[in-house]
Amino acid sequence: MRHFYVLFCLLVCGRTISAQPDLNLTQIASVSNAVDITGAGDGSGRLFIVNQSGLIRIFDQNANMLLATPFLDITGPVLFGGERGLLGLTFHPNYEINGYFYVNYIDEATGDTHISRFTATSPASNDAVDPATELVILTIDQPSGASFTNHKAGDLNFGPDGFLYIAVGDGGSGGDPDNRAQDPQDLLGKMLRIDVDNPTGGKNYGIPASNPFVGTQSPTDYLDEIWALGVRNPWRFSFDRVTGDMYIADVGQGSWEEVDFQAAGAAGGVNYGWRCYEGNHTFNTAGCLPMGNYTFPVFEYDHGANGGQSITGGFVYRGTAVPSLVGWYVMSDYVSGNFWLLRKNGAAWESDFQPDVPASNITTFGEDDAGELYAGRLSGPIYRVTASPLPVELLSFTGTSKQGRVHLYWSTATEQNTSHFEIERSTENTDFEQIGQVTATGESATEQRYTYEDLRAVPGENVYRLKMVDRDGSFKYSPIVSVEVREPVDWTLSPNPASGKVSLLLDKGALSALRLSMTNVQGNEVLAFEESAPAFPYSKEFSVADLPAGVYFCRLDMDGKSEFRRLVIR
């Protein structure tokens with residue numbers, strides 16, 4: 001679908017969407033080749049910005065200035081170019097005491113990944129660290145050759161459990177030709193977890209006893225460092241500082257970008273599917289396990305005009321400067337410049353597409369000690385993530401369908417100099433176009449309610465947005481709302497709930513063809529069949545005995561129209 005990327009949204013009819021913030025970026029500094037931004041957690045008011053060439057710079061938030069002297073300069077040992085270089089930085093949870101911080105870089109001499117520790121002798125005031133304090137914690141072999149210079153990932157962060165998590169790409173080329181992401185004896189294409197405080201076995205790190213594959217010998221021996229597998233190029237991952245949930249943005253191969261999710265307290269050991277799957281879609285399933293063995297993304301977007309080609313993962317906003325942004329995960333696409341907000345709402349996910357943020361080619365996001373968000377570009381600008389106020393403060397926007405008509409409802413909390421609302425609609429075959437206009441109250445500090453009736457809605461999905469116009473002609477768009485207009489068709493799935501076999505029963509006139517498809521809650525198609533020129537009344541029995549218990553969504557396509565039903569499998 002053109003407007004929605006969270007798969008649940010495709011199945012929603014008349015859903016209420018509360019107002020999301022309208023993202024904006026304010027430049028605070030300039031650091032070329034920025035690939036990571038973070039605070040130290042020491043309360044010093046310093047923001048540390050990673051230059052991919054091998055430098056770490058300090059932006060002093062108290063003085064509002066970029067310090068001239070680098071915090072760390074390791075340009076000598078860093079192999080810089082393309083997707084290689086100094087790629088990640090994180091500070092030890094006890095940095096104020098021990099002065100430890102950790103980096104992820106590609107070594108000039110070998111081309112391999114180094115996870116190294118450096119030490120600041122006076123953590124709270126040390127603005128320049130001696131490169132000679134380096135201790136290489138872990139070396140990860142990278143494949144050699146001109147076609148393997150990409151997919152190094154490079155992010156690393158301490159989790160709420162105090163262990164160090166490391167994102168490792170599949171080693172490069174295209175399509176993971178050696179299937180490294182699925183190889184349990186290779187650290188590439190994995191999320192790793194190690195204990196840097198308790199080294200054992202002659203190494204500079206230990207293995208947490210709770211790592212998911214510790215001691216596994218059958219049927220396959222996995223490396224103990226592996227926390228999760230099946231990632232391609234996880235370009236930035238982060239932990240929600242309030243909930244502890246982990247978000248992993250994984251750059252796609254040729255068609256789909258994705259966000260993977262791990263709830264706080266999870267036991268690890270999941271397989272995110274690459275190279276068997278790209279997002280929710282089959283890529284190369286040769287030698288792969290059944291679909292149920294993989295964990296699929298909670299969000300994806302395609303490589304179309306409203307998507308992009310290289311996701312840059314961000315953070316869940318937990319600052320105080322933008323209250324309307326709290327709880328939203330912020331991300332962008334490096335190629336298209338599009339931004340998205342993503343938020344978990346109970347068991348479902350909701351998203352907001354933001355194509356008009358005034359910046360592009362975002363390579364990284366970062367948090368300061370207070371939870372405020374920042375973004376950076378290779379060309380230099382470092383931004384603080386803010387939000388612009390809408391012409392009106394929108395409380396809600398919803399739509400319902402009845403007898404082929406769509407009723408839209410919205411309300412505002414405050415209005416200032418507001419002129420009117422233009423109602424715009426898009427369908428599967430059309431872009432947004434204005435279909436009506438409603439005059440605004442204009443000046444109000446109390447809730448105002450509005451309604452509009454679309455008499456010409458078409459069968460299928462109708463997508464609406466409000467263009468909220470000020471008296472000076474400036475405007476902002478509301479979140480979008482999808483309303484499914486359904487034509488009455490008498491068809492049932494019986495029994496429902498089901499456990500073995502299910503019958504599709506359809507009582508309708510002549511049809512040229514029909515197709516039934518079933519998807520799980522992750523949006524993956526698990527069953528489908530079709531029939532040309534079916535006879536009526538129509539009955540078709542099919543088995544669901546091999547499907548896991550849960551809720552499934554059934555879609556019946558008939559002569560260009562679609563109907564949905566929910567099927568529960570016990």
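The values are calculated or read from the model by the stated rules, or taken from the named source; none is laboratory data. As the structure is a prediction and not an experimental result, all values here were calculated from the model. We place every Cβ from the backbone using ideal geometry, glycine too, and count neighbours over all the protein chains shown.
Just a few scattered comments:
- When A68 is tested against (1) hydrophobic (A, V, I, L, M, F, W, C); (2) in contact with a Pro (Cβ under 6 Å, 6 or more places away or on another chain); (3) surrounded by fewer than 16 Cβ atoms within 10 Å (Cβ to Cβ), exactly one condition is not met: (2).
- Only listed residue being surrounded by 22 or more Cβ atoms within 10 Å (Cβ to Cβ) and among the charged types (D, E, K, R), chosen from D141, D127, D176, D112: D176
- Scanning region 502-548 for residues that are outside any loop (DSSP other than H, G, I, E, B) and among the hydroxyl-bearing types (S, T, Y), we see that the one that is surrounded by the most Cβ atoms within 10 Å (Cβ to Cβ) is T519.
- Qualifying residue in region 558-565 (condition: modelled with pLDDT of 80 or more, hydroxyl-bearing (S, T, Y), touching a Lys or Arg at 6+ places or on another chain (Cβ under 9 Å) and not assigned by TED's automatic domain parsing to the domain that holds G460): no
- Residues (assigned to a strand (DSSP E or B) and among the hydroxyl-bearing types (S, T, Y)) located in region 275-294: Y277, T282
- Subset of region 266-315 [in contact with a His (Cβ under 7 Å, 6 or more places away or on another chain) and surrounded by 19 or more Cβ atoms within 10 Å (Cβ to Cβ)]: none
- Of all residues in region 103-145, exactly one satisfies the criterion of being in contact (Cβ under 8 Å) with a residue 60 or more places away in the chain and under 23 Å from N179 (Cβ atoms), namely L138.
- Residue within region 306-322 that is part of a loop (DSSP other than H, G, I, E, B), in contact with a strand residue (DSSP E or B) (Cβ under 9 Å, 6 or more places away or on another chain), within 15 Å of Q253 (Cβ to Cβ) and free of Cβ contacts under 8 Å to residues at least 40 places away in the same chain present: no
- Test: residue in region 437-448 that is outside the structural domain of Y301 (by TED's automatic domain parsing), of a type in the set (S, T, N, Q) and within 34 Å of the chain's Cα centre (by Cα): no
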